Every structure is written in C-alpha cells, then in structure tokens.
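These notes are about the structure you will find just below.
Read-outs throughout are calculated quantities, based only on the coordinates presented, and are distinct from any laboratory measurement. As the structure is a prediction and not an experimental result, all values here were calculated from the model. Cβ placement follows ideal geometry from the backbone for every residue including glycine, while neighbour counts extend to all protein chains displayed.
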C-alpha cells in the first residue's frame, strides 16, 4: 500500500521545548513538540509549488472531490455555477498521473466522473472529460454526507497509492440521515483517507463541517461568498498535491506509573488527540496526524509522573513518528524527542514556565473561549458570552493572533483589548459569526 | 519496543513487592509506596561481587527491573541512571579526593584533581585542586572540570621545574581561569535548555604540600582548613571567602553570625569565568611546626562544618595516613547533614611523605 519511492519521503525532525525542572513533589510535565518535515522529492516547497515535481516523480495519490448537488445549491443559481468552476479549477491543479474522481452529493452519492466504480488517471484528456462531465451537475435532492464519504472511500481504496485525499463541499445541514449515520460513516473512513471540508454560504452547520475535517485530519473553512470557491479549491488541491507521506502517527512512550493527561496538536490549529490513541506495545500509544508535505506542526504533550526525590531525573515521555505498514509492522521515521523531568529545589528553575508551553496553553484557551462564548451567545446568555468573548479578545491580543482578533472584532465591540473588556454587537452578520466559529482553532506560533 | 525482562541482578526476588504480569514479566503498576532509590552509585566493590545480569544488558538502579536504553534512561520506570560524575573517588597515594552529587541536586557540578610529583631536589610535593561550578551560569559542570584539570596540569608541570609553590599556585589559577573562559566561546550542547545564559563559571581552591611548606590558593568560596594531627593544638581556616558574608564581616558591618544568617551570605564576589570582573587569585604560604592534614573542600562540606573546630571534629584522627577513608567520612558528614549541595573533599597530609611512603 505504502509504496512511496524513497526520494519522496521527507526528512522529519523533532524539537522539544519544555521546562524540565519540577519542584519537590511536582508531578505535571508539559512539553511542546515541534515536528518539521522537509526535503521530500520536491524542488523547493511542495506546498508552494507542487508542479515542480519532475514528471511522474510525485508520490502516488488519489483524490476525490465531493460536490454538494442538493436543491439549495440553486439558491442563488451562482452557487452551483461557482461550485462547478471551483471543481474545474481543482481538476486543473491535479498533477499528471494522480488518480481522481468527482462525486455528486445529495441524499445519496452519485459518481459524476469517471463512473463505474473507478478512478481516472489525470492527464490532458481525462481533465477535459471531467470538466465536460461537470456540466451535467444539477441541483436537486437532499443532503446525506455519510453516503458521499462512503462512496469516496470505496473509490479511493480501489487504487494502490500512497496518499488518499478527499475534498468535500456542502452548503447545507446534513438533514437526510441521522447524526449517528454520519458518525458511523466518519468512523469507518477515519485513517483510510484524509479530507478537507468546506461550507459555502451560511446555511450549513459549523460543527458538522469542522467535525468531518477533524475526524479525517483535514482542514475546515467557510467560503461565505461562492465567488471565492475557485481560489480556495485550487489552494486545497495544491496542498493535497504537496503531501508526501500518509498515515503518520505520533508515538508516545511513557514509563511505568505515568499518566498521559493530554496530547493535542496546537499549531497550525488546535486538534484534541488524547482520545484517539491506539495502543502500540508496552506503555506506548499512537496518535494519528494524517498526511504530511513539507510543513511544520506543534504538539502539546502533558504527562503526570510519579513524584521522585530532589535531584532525580527521569524520562517522562519519548516521542517518535511512525507509519504503520500493511504487514502490521511500523516504519519509524527516525525523529525522536525526549520529554524529561528533573526535581530541583532551585525555585527559580522550577517555577519558570516555558514560553512555548505558556503560549500554546493560551492559544488552546482562546479556541475554547470563542466556542463557549458563541454557544452562550446563541443560547441568549449575554453576560456569559461577553465574559468568554472578552477573554478571547484579551488572549488573541496578548499572543499576537491578529487574524482571530480581527474576526472577534466583527462579533464584539472591543473596549479594551488588554483588559478583555468587550460589548456584544447588537447585530452580527451570520457569515462573520460562522467564520469566527470555524476558524476559532487556528493558532499562531510563538514570536521568536 | 521489546518488553523488559524482569531480571533480578543477583537472582533474588525483584524488590518491588508487586509481581509482574506472567505473560510479559513487566511490572504494570507501581507499589503503593515509592521504591527506595539508591541515592548514589553503588559502591563499585559491591557491584563487582555480583554476577552480571546478562551480556551487554544494564539493569536500572532505580526499579531493578527495566533495562537501560541508549539514552541512559530505564525502559520501565524512565529514571535516569547514575552518571560517572555523580560519585567520584581518586586515591593518589598520600592524597585522595571524593566528590558526590549530594541529595538535592540533579547533577554533580563539582570537580577535583589530585596528584603527586617531585621538586627538582627530589623531595615530594602533593597537590589537590577542588572546583565548584556556579549553578546560576550555563554548564557549571564543564567549568569546574576544565578548571580543575587545567590547574592540576599546570602545577604538575611547574613544580618539577622549580617554580616556587606559591608562584606555581598563582599560575595554576590563571591557567584554570583561561580554561573556563575558553568554554564561553563554545556553543552550548543541544541538551542544555537552561533558563540562564551566563558564561560558564566556577570557584577554585587548591593546596600544595611539600616537606616544609603548605601553600593554598583560591578564588570564590571553596575553602582549605588546617587540622593538626595532635588535636590539642588549634585547627585553622586557611582561606578567606570571596563572598558577600565574608566581605560584610571584613568591612566590620556585621558579625559572622549575622552575615552567614543572611540569605545573601553565599553570593560569591569572585569566580573564574569570562564574565568575572577582574581575576584576583589569592595565595598564601604556611610553614606549620607540626604534622597535620589540609582539608580542601567545596561549601557542600563546610556548610555542615563551618568553623575550624567543627571541621576538626569531623576529620578522622588517622586522616594523615588514610586520606581516602577520611575524604569519604567527610562526604558522609555532609550527606548526613542533608546533602543540600554537591560535596567535594580532598585530604592532603603535611608534611608531604617521602615518595613511595603513601598510605595503603
């Protein structure tokens, strides 16, 4: 399955940022683990310039685009036209040799191209045929996203490729199947392909779209104006074409007596991974991270260790990266990070907080404050919402998260950002509120 | 990762009180009470009496159940294994030194060197250097090691050439200072994520003993004491700390008790390192009229025997002929007192015994 040629696998490196010093009796160890992948088979950055792969040299990949074709896509009619154009733009971004398909989604899933349960192989001819087929797309029917995902899984698994990726576009709520059906579909697809999810317009459910991207380890975003779809689809496909290795897992080993409090991705977005652990031998567990191109991500690992005497040192966690192989073994990607605990009576050492840990603790709280604030606002709790969104403004301002600060300023009137004093705006555009909610988990890195 | 075998080092039961899973032999939970961790490296003589557990496999000294990985941590309990510098002993015949991590610090930042040589006239000279790394600076352990080595080598080269021992001591401290300054130019190792970024620094104290002369030299607050063999004659401290407390007392602003009770007492006002204001090596020569020993030590010891009389009480009566034993006893005195700091002690007899007449 993972038959990627060696030259395409990027080099992974890992850096650990922590204050390893604990006071007497101290038990909680926090560390930020930065994972960076560089120098795959691409010339320069794959994400910025995927076409720089020499012909036929890119990693083998299969991509499916799921386009919402429910009745609401015709209101306004430009929505369907923009979706068609965006899909065409994404198809133009496909590298030659990549397997692909287009799925039309309503209350059921339909193969738009190439059909027959197969995938097409991208070249000039198939790209033209696919764009012809897009003209047949018409709006009509309901929305059952689980069926789209299951069809995509069947199509993608028909090819023996390294990278499997989906792009999903919806404009409405998942009304024609139960939430349980969607969840079951997501669970069966998790780990089999990655998927970016986009909501177009403002009639879709933020938690549905972010939930899909979260389980399938892709990105989620809002495209409030359908005219922006083509640019967004092109970017998404460029990123997908830059992926070089799939199914990478963060393996965390901890010694006897330790408890993992949490493991979460904290950059570029906050993604809780604690409950997604699969056991991997004695005291080790794997946390899924999906597929990687040339990119860098940060993880926050928090473990509780048994207290030891002053002067003692122990390894609190050993972090590495693995790729499961079809034969049940795993390939170790080489990079390793050690999270340590050292007990000291030097109060200056044990009470200082590592700047990276402090920063990402704040970014995680920022995401949570936005989500809680918006939920309270919807439920009519003005005081609660004001407090939470005020705290979010304060955190975004202090940490230099300018994008999130701007989005917050469209939902609240900021009186004093440093103090977190805000007033809820009387009137908020639905698109602004949904944008804030969808992008609440985006973080910025520490100012170095 | 393969499961760790539950090997007992000497064939006895694994001293955990919690049977491992029979399937893997791995201990899955900790006993309710914490394990008794040995506080320092086991005595090497005890270790050699035991059969090795298995070819090439090192067992963890903390849990005695896990194997030690290539990074020096236990594969079961995660504990770091004792490092070479956690406990060091050197018996150079008439002179010996012992250094220990102590009970509160996570690494030993002290270092020493001891040696014997001959003056041009063939008479013996015995020397000891003790250094204490400054914890608030980067890589204090490297600073103390570089300084003690450089000073020791300088003395071993200068004394046989006929350099006066006091001049040789002065030059040795200068050489040690250059060695520490040179560290500031090197990049810190990747592991060192210390919150401090000061240049590496350490104290130094040394002594040279010949047939008729006792020389000491120092910078910082490590000390040398004179303890006569005949305990009815008075012992003495031979060095004057470069410390806040000592300066307060010297300036007449406080009495000794007040000064040493202050939390600033141990702030040192002189050290070796690239950021030292100006280097002022102190040296002094003595001609004792009776036999005795010189105890050269870091504050890890003298915090528990500050006055010369207290030190004399801690030094064994046969110190002049059993220097290694005496150094061990003195380290033990500091550990019994709480071992709050690294402890390093060197013991030299006066007069320097003729060559080949060292202790057994």
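Pairs of Cα atoms under 8 Å, at least six residues apart: use those to get the relative contact order of chain A, whole percent.
Details: 1037 pairs, mean separation 84.9, N = 448.
About 19 percent, as a whole number.
Entry note, the range A:51-241: relative contact order of 26 percent, from Cα contacts under 8 Å with a spacing of 6+ residues.
Which residue, A:309, A:128, A:225, has the most motion in a Gaussian network model of chain A that connects Cα atoms within less than 10 Å? Most flexible of the set in this elastic network: A:309.
Can you bin the range A:355-438 into rounded, prolate or oblate? Criterion: square roots of the alpha carbon gyration tensor eigenvalues sorted a ≥ b ≥ c, rounded for a/c under 1.5, prolate for a/b above b/c, oblate for the rest. Here the range A:355-438 falls in the prolate category. Principal-axis analysis of the Cα atoms of chain A puts helix A:355-378 at an angle of about 50° to the longest axis. Taking the number of Cβ atoms within 10 Å of each Cβ as an exposure proxy, the fewest-first ranking of A:113, B:260 is B:260, A:113. Based on the Kirkwood approach, the hydrodynamic radius assigned to the range B:93-143 is 12.9 Å, with every pair of different Cα atoms included. Peptide B:67-78 has a mean shielding of 5, counted as Cβ atoms of other protein chains within 10 Å of each residue's Cβ.
Note on B:169, A:236, A:108: ascending count of other Cβ atoms within 10 Å places them as A:108, A:236, B:169, the fewest first.
Let me know the shape class of chain A, please: from the alpha-carbon gyration tensor, a ≥ b ≥ c as square roots of the eigenvalues, rounded when a/c is under 1.5, otherwise prolate if a/b is greater than b/c, or oblate. Let's see the in-between values first.
Working: a/c = 2.10, a/b = 1.29, b/c = 1.62.
Because a/c hits 1.5 or more and a/b fails to exceed b/c, chain A counts as oblate.
Remark: mean inter-chain Cβ contacts per residue of A:300-313 equal 4, using a 10 Å Cβ-Cβ cutoff to other protein chain atoms.
Inter-chain Cβ neighbour count for A:345-354, averaged per residue, equals 2 (cutoff 10 Å, partner chain atoms only).
Kindly identify the range A:309-375 as rounded, prolate or oblate by the Cα gyration tensor criterion: order the square roots of the eigenvalues as a ≥ b ≥ c, call it rounded if a/c is under 1.5, otherwise compare a/b with b/c, prolate if a/b is larger, else oblate. Walk me through the numbers on the way to the answer.
Details: a/c = 3.36, a/b = 1.10, b/c = 3.05.
Cα axes put the range A:309-375 in the oblate bin.
Taking the fewest neighbouring Cβ atoms within 10 Å as the starting point, the ordered list for B:116, B:297 is B:116, B:297. Taking the C-alpha atoms only, the angle from helix A:206-215 to the longest principal axis of chain A is near 80 degrees. Rounded to the nearest 10 degrees, the angle from helix A:124-134 to the longest Cα principal axis of chain A is 80 degrees.
Explain nothing, just the number: relative contact order of the range A:355-438, from Cα pairs under 8 Å at least 6 residues apart, as a whole percent. Walk me through the numbers before you get to the answer.
On the way: 102 pairs, mean separation 22.1, N = 84.
With pairs under 8 Å counted, the relative contact order is 26 percent.
Peptides A:322-333, B:172-183, B:66-77 ordered by packing proxy, namely the average of other Cβ atoms within 10 Å per residue, highest first: B:172-183, B:66-77, A:322-333. With only Cα atoms counted, the protein assembly as shown has Rg and Dmax values of 34.8, 113 Å. Between A:227, A:109, A:426, the Gaussian network model of chain A with springs among Cα atoms under 10 angstrom shows the greatest mean-square fluctuation at A:426.
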